[in-house]
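The structure under discussion appears below in the form of structure tokens.
Bear in mind that the values in this text are calculations on the coordinates, not laboratory data. The structure presented is a predicted model; accordingly, all values stated were derived computationally and were not measured. As a convention, Cβ positions derive from the backbone with ideal geometry for all residues, glycine included, and neighbour counts pool all protein chains shown.
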């Protein structure tokens with residue numbers, strides 16, 4: 001593993017186990033077995049590492065959404081949402097980095113902001129293909145944002161793990177049902 005990869009891997013492990021507050025150049029260097037100078041030779045400090053982690057997380061989630069399959073546009077959106085839920089379960093820290101509350105911790109670079117925009121637009125573009133008539137740009141954004149909100153809402157509720165499970169069913173299935181209902185409503189009414 002090259003030094004740059006070791007740095008990112010170490011930073012990711014620290015973030016996963018201890019959160020933002022533990023991400024320091026010193027901690028990352030120690031975990032990677034490098035000097036702090038070694039960190040600065042690859043990144044512009046902590047912010048550069050956070051940007052790289054953020055971009056990587058956005059790209060991984062984008063690829064998951066981009067791989068969505070289905071016979072119809074509705075099926076593809078539903079599959080994409082299931083992939084987002086799976087990503088959030090298997091890559092919780094990465095999902096948290098993208099969508100968690102990072103206020104006060106970081107200001108993203110232009111490149112990281114562009115990675116997020118690409119990710120956001122991926123589901124919006126899929127959703128825009130559902131209606132029979134091509135929606136305006138603002139309507140497409142609204143429809144895609146509704147789907148993002150449904151999925152993210154489930155993931156957020158699931159992460160607090162304080163909600164009773166009265167019916168005994170899995171929250172991911174409840175999320176899938178909500179997405180299916182909304183997607184089919186879009187297909188029927190738009």
Could you please rank 74, 136, placing first whichever residue has the fewest other Cβ atoms within 10 Å of its Cβ?
136, 74
Compactness summary of the chain: radius of gyration and Dmax from Cα atoms, Å, are 18.8, 59
Using Cα centres only, tell me the gap between region 112-156 and region 64-91 in whole Å.
13 Å
Starting from the Kirkwood Rh over alpha-carbon pairs, what translational D in µm² s⁻¹ does region 1-84 have by Stokes-Einstein at 25 °C and 0.890 mPa s?
172 µm²/s
Between 88, 35, 172, find the one with the highest GNM mean-square fluctuation for the chain; connect C-alpha pairs within less than 10 Å.
35
If I fit a long axis through the Cα atoms of helix 3-18 and take the longest principal axis of the Cα atoms of the chain, what angle between them do I get, 0 to 90°, rounded to 10?
70 degrees
By how many degrees, 0 to 90 and rounded to 10, does the Cα axis of helix 45-66 deviate from the longest principal axis of the chain?
30 degrees
Relative to the longest principal axis of the chain, what angle (0 to 90°, nearest 10) does the C-alpha long axis of helix 137-160 take?
60 degrees
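Taking Cα atoms of region 1-43, Rg/Rh with Kirkwood Rh, to two decimals?
My calculation puts Rg/Rh at 0.93.
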